[in-house]
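Have a look at the structure below before the remarks.
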Amino acid sequence: MHYLQSVVSVLSILAFIATPTAAIPEGLEIEYLTPEVTCTRKTVKGDKIDVHYAGTLQDGGKEFDSSYSRGTPLSFQVGSGRVIKGWDEGLLDMCIGEKRRLTIPPSLGYGAQSVGPIPANSVLVFETELVGIKGVKKDEL
């Protein structure tokens, strides 16, 4: 009996350790494109951030938008709902200079509606780069 209690205790501890503190929404895929970056200040909800990006459709890879081609990153408050939910969630906990590829399902993108060149129910792929966090200098990290 003592052995069984020990096994249950160990499994409980392992389950606690394996549970992420910030759950990634179902279907959102985050691929880290830069080597692990160590910084003391990562993006949190409410930060005003500057992000360079290129957006493509997963089906066919056609680019539909790019801040790189305009030469100006997009500025917005992360977590405020001003961008698609896949961005609000996928750009959290980033360091300045970090690059990620976000694969966003329709439920976290534009859903069943078409938006410009993006067909309804599209899976979106974004190559993103965090350029800045308002009020935070890269050398302060």
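Which residues in the stretch 26-55 place their backbone N less than 14 Å from a point set 7 Å from the Cα of LYS99 along the Cα-to-Cβ direction?
So the set is 31-37, 52-55.
Evaluated at 37 °C with a viscosity of 0.692 mPa s, what Stokes-Einstein diffusion coefficient in µm²/s does the stretch 63-141 have when Rh comes from the Kirkwood expression over alpha-carbon pairs?
Diffusion coefficient, whole number: 239 µm²/s.
Please give, to one decimal in nm, the separation of the simple spin-label points placed at GLU36 and LYS48, each 7 Å out from Cα toward the Cβ.
Between GLU36 and LYS48, the simple spin-label model gives 3.3 nm.
Applying a 10 Å radius around every beta-carbon, put 48-59, 70-81 in order of their mean neighbour count, most first.
The densest-packed peptide leads the list: 48-59, 70-81.
Is there a pair in LYS45/LYS134; LYS42/LYS134; LYS62/LYS85; LYS62/LYS99 whose C-alpha atoms are over 18 Å apart, and which pairs would that be?
As for pairs spanning more than 18 Å Cα to Cα, those are LYS62/LYS85; LYS62/LYS99.
SER107 to GLU26: extension gain in nm, 0.36 nm per residue of separation minus the Cα-Cα distance?
Result: 28.2 nm gained on full extension.
When the chain is fully extended, how far beyond the present Cα-Cα distance does ARG82 get from PHE64, taking 0.36 nm per residue of separation?
The span from ARG82 to PHE64 would gain 4.6 nm if fully extended.
Each reported figure results from applying straightforward, stated rules to the coordinates on display, with no laboratory input. Model, not experiment: these values are computed from the prediction. Because the Cβ atoms are built from the backbone with ideal geometry, glycine has one as well, and the counts that use them run over all protein chains shown.
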